[in-house]
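Input: a single structure, listed below in structure tokens.
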DNA sequence: GTAGCATTGTGTCATAACGACGCATTAACA
DNA sequence: TGTTAATGCGTCGTTATGACACAATGCTAC
């Protein structure tokens, strides 16, 4: 977690929260969100850039004293994306005693004209809970908080070094996504309502990082019986217009309980 | 987590730890272990019974200020089982704000002649990290700590109500075990070095809670190429002596990377 | 000892799933 | 209107799966 993302209540400024944090938040615990979207046939991740840091980081936050951990994650997502009802999965806890060099934070704060003492709550050790979220790209309005320079989508392949251990957290999220692809409605949550078979295939290929045979993919997906083929096609592409599909959620959920059998 | 299991250092008594806890441990964070074993063709779980509680609970503990979360789990496991090098997997964080009614704890402590104030660190809110462990049943020496009445194996089917939300934690551990059966060396860690095909099958059947065809099971398992068939048989049973097998760890690990393909 | 019995070892067969690939169709563009 | 490139739809041989038959073996009971 970046040390000052998503930690503000709507009523309080960043500076106030920095002082009050110890009374507001559950100590020791933070959370970080890996927010996935799918756009232009690429998997994207929403990152934020704090003013005082050199690197981009995952949007994160802390847990209010009386707040459920999961509600805190929902709150952070709402703040950064503007969305409610986000598909959210906890995937790992990062609890190394030396996840971060907190001294860096003091220096960064100082650069920003903020002095914090060595016993400040923000400099204490935090164990962070990783959540990943799947969102419909087009519905998201990336929203930086007032302490951020930026909040924007990054192509998965273009992400370099991240703040603290955030790259590891991201990698673990991707690994989890892969393992859960046959057990959770991942396609449903990343794609728009209507989508084409090539789009669905590209999503699978991106997540699994493999390439698949177009025709076999189609046979298998339709074989699951979780798709409804529409009579519309997606015109405007340079070639033959592919048919649009939607998920048949009843059958999709039913199939996922068993896990979508077979390979990949 | 039971509120006073596994929180003692070797040097300190329970009562001392109760006082020092706030300075020793990372606040807000606890961990609970679901320790699985396999014995007499049944899946077992190691539970502890605290003197002051009415219910059995999962062995758990807290995290020292400078200790990695994972090391804390390893420490708890070592204390309860006597084992090093335990197969350990983090599976979920339980972060509901109202996981427990801490008032119950005060009453229980009082029964035991221990008075703690309303601001005592043990009565604060804890977010607990669930770990499951797989151990070789025969190697374990269940060891209660000095504040426990008992520490012993329970058959999975005979476990009734547990302390706080520990039943939910156990259920989630089982669910995770099921999902990871084809991706982690679960058989290897639960079974003794040498085992028979019927034993391996029973393990699968117990974890997945289904029954499988004996002959198809054997074909599939041998088909993976992860087993070495020995020339010995397990004599002493009432009928034909089954052959013994061991895992071919090289091939096992290699196969798990892809996931053991196919059904179940 | 030996017959009975329950369990394990091994194999068969039809069916379904899978991987690799061919060819016709169609929308945009030149 | 022909070219191009992506999509729709189908084939074929191989492999994996589910269901089941029968022989082999080690204890037990007489």
Considering each of A:235, A:229, A:251 in turn, give the residue that is within 11 Å of DNA strand C (Cβ to nearest atom), surrounded by fewer than 15 Cβ atoms within 10 Å (Cβ to Cβ) and on the phi < 0 side of the Ramachandran plot. A:235
Does any residue of segment B:212-230 turn out to be more than 16 Å from DNA strand D (Cβ to nearest atom), without any contact (Cβ under 8 Å) to a residue 60 or more places away in the chain and within 30 Å of residue B:92 (Cα to Cα)? no
Residue A:259 versus (1) on the phi > 0 side of the Ramachandran plot; (2) away from every other protein chain (no Cβ under 14 Å): which is the lone unmet condition? (2)
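Scan segment B:144-167 residue by residue and report those that are modelled with pLDDT under 90 and out of contact with any strand residue (DSSP E or B) (no Cβ under 6 Å at 6 or more places or on another chain). Working first, answer last.
Let us first name the residues in segment B:144-167 that are modelled with pLDDT under 90, namely B:144-149.
Within segment B:144-167, B:145, B:146, B:147 qualify.
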When (1) in contact with a helix residue (DSSP H, G or I) (Cβ under 7 Å, 6 or more places away or on another chain); (2) surrounded by fewer than 17 Cβ atoms within 10 Å (Cβ to Cβ); (3) farther than 25 Å from residue A:93 by Cβ are applied to residue A:188, the one that fails is (2)
Here is a list of conditions, (1) surrounded by 15 or more Cβ atoms within 10 Å (Cβ to Cβ); (2) within 15 Å of DNA strand C (Cβ to nearest atom); (3) away from chain A (no Cβ under 14 Å), and residue B:182 meets all of them except one; can you say which number that is? (3)
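Restricting to segment B:231-264, what's the tally of residues that are under 20 Å from residue B:215 (Cβ atoms), within 11 Å of DNA strand D (Cβ to nearest atom) and out of contact with any helix residue (DSSP H, G or I) (no Cβ under 8 Å at 6 or more places or on another chain)?
Just the residues of segment B:231-264 that are under 20 Å from residue B:215 (Cβ atoms), to begin with: B:233-234, B:237, B:239-245, B:260-264.
Cutting the leftovers down to within 11 Å of DNA strand D (Cβ to nearest atom) gives us B:233-234, B:237, B:239-243, B:260-264.
Next cut, out of contact with any helix residue (DSSP H, G or I) (no Cβ under 8 Å at 6 or more places or on another chain) only: B:233-234, B:237, B:239-241, B:261, B:263.
Total satisfying the criteria: 8.
Out of the residues in segment B:191-207 meeting the condition of being assigned to a loop (DSSP other than H, G, I, E, B) and within 15 Å of DNA strand C (Cβ to nearest atom), tell me which one is surrounded by the fewest Cβ atoms within 10 Å (Cβ to Cβ). Spell out how you get there, then give the answer.
Applying the first criterion (assigned to a loop (DSSP other than H, G, I, E, B)) to segment B:191-207 yields B:191-194.
Right, trim to within 15 Å of DNA strand C (Cβ to nearest atom) and you get B:191, B:194.
Numbers: B:191: 20, B:194: 15.
Result: B:194.
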Tell me yes or no: at least one residue of segment A:62-73 is more than 24 Å from the chain's Cα centre (by Cα), within 14 Å of another protein chain (Cβ to nearest Cβ) and in a helix (DSSP H, G or I). no
Closer than 30 Å to residue A:15 by Cα and touching a residue at least 24 places away in the same chain (Cβ under 8 Å): which single residue out of A:163, A:91 fits that description? A:163
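Can you tell me which residues in segment A:93-149 are within 13 Å of chain B (Cβ to nearest Cβ) and outside any loop (DSSP other than H, G, I, E, B)?
Going residue by residue through segment A:93-149, those that are within 13 Å of chain B (Cβ to nearest Cβ) are A:93-99, A:121, A:124-131.
Answer for segment A:93-149, where residues must be within 13 Å of chain B (Cβ to nearest Cβ) and outside any loop (DSSP other than H, G, I, E, B): A:93, A:94, A:121, A:127, A:128, A:129, A:130, A:131.
The values are calculated or read from the model by the stated rules, or taken from the named source; none is laboratory data. Here the structure is a predicted model, which means the values were calculated and not measured. Note that each Cβ is placed from the backbone with ideal geometry, even for glycine, and that neighbours are counted across all protein chains shown.
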